[in-house]
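Notes for the one structure printed next.
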Amino acid sequence: MNRSQLAHFMNHATDPEITLMAATTDELGILVDALYRNLDTPTPVYGAQDWYDLATEELARRSAPASPDARGVA
């Protein structure tokens, strides 16, 4: 995914959290990689850091083993 494709994707997504939750794990991995590479440029796409943070959190959530609810409800 190049810079213009990334910018187009980010600008046309209605809600980043909903978009990321709806993505498959493979799609999320591709997006995280594209965002990471974009952030390593002199002029990253506006909002890329926020998208990267949300996407990596979603990947971490998916890879974490299921745990009981924090309130102790099983």
Legend entry - Charge dipole magnitude, Cβ of K and R +1, D and E -1 - region 16-59, Cα centre, debye nearest 20: 160
Inset, instruction - Please work out how much accessible surface Glu27 shows to a 1.4 Å probe, ignoring ligands, DNA and RNA, in Å² rounded to 10. - result: 100
Inset, instruction - Could you rank the peptides 15-23, 48-56 by their average count of other C-beta atoms within 10 Å per residue, with the highest value first? - result: 48-56, 15-23
Legend entry - Added length on full extension, which subtracts the Cα-Cα distance from 0.36 nm per residue, His12 to Thr43: 9.2 nm
Legend entry - Taking the C-alpha atoms of region 20-60, convex hull volume expressed per residue in Å³: 55
Inset, instruction - With a length cut of 20 Å (Cα positions projected on each helix's long axis) and a Kyte-Doolittle mean of at least -1.0, go through the chain and give me the DSSP H helices that pass. - result: 25-39
Legend entry - Radius, Kirkwood style, for the chain when every pair of distinct Cα atoms is counted (Å): 13.3
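The values are calculated or read from the model by the stated rules, or taken from the named source; none is laboratory data. What you are looking at is a predicted structure, and each value in this text was computed from that prediction instead of being measured. Virtual Cβ from ideal backbone geometry, glycine too; neighbours counted across all protein chains shown. These area figures cover heavy atoms from the full protein model, side chains too; ligands, DNA and RNA do not enter into them. Shrake-Rupley method; radii C 1.70, N 1.55, O 1.52, S 1.80 Å.
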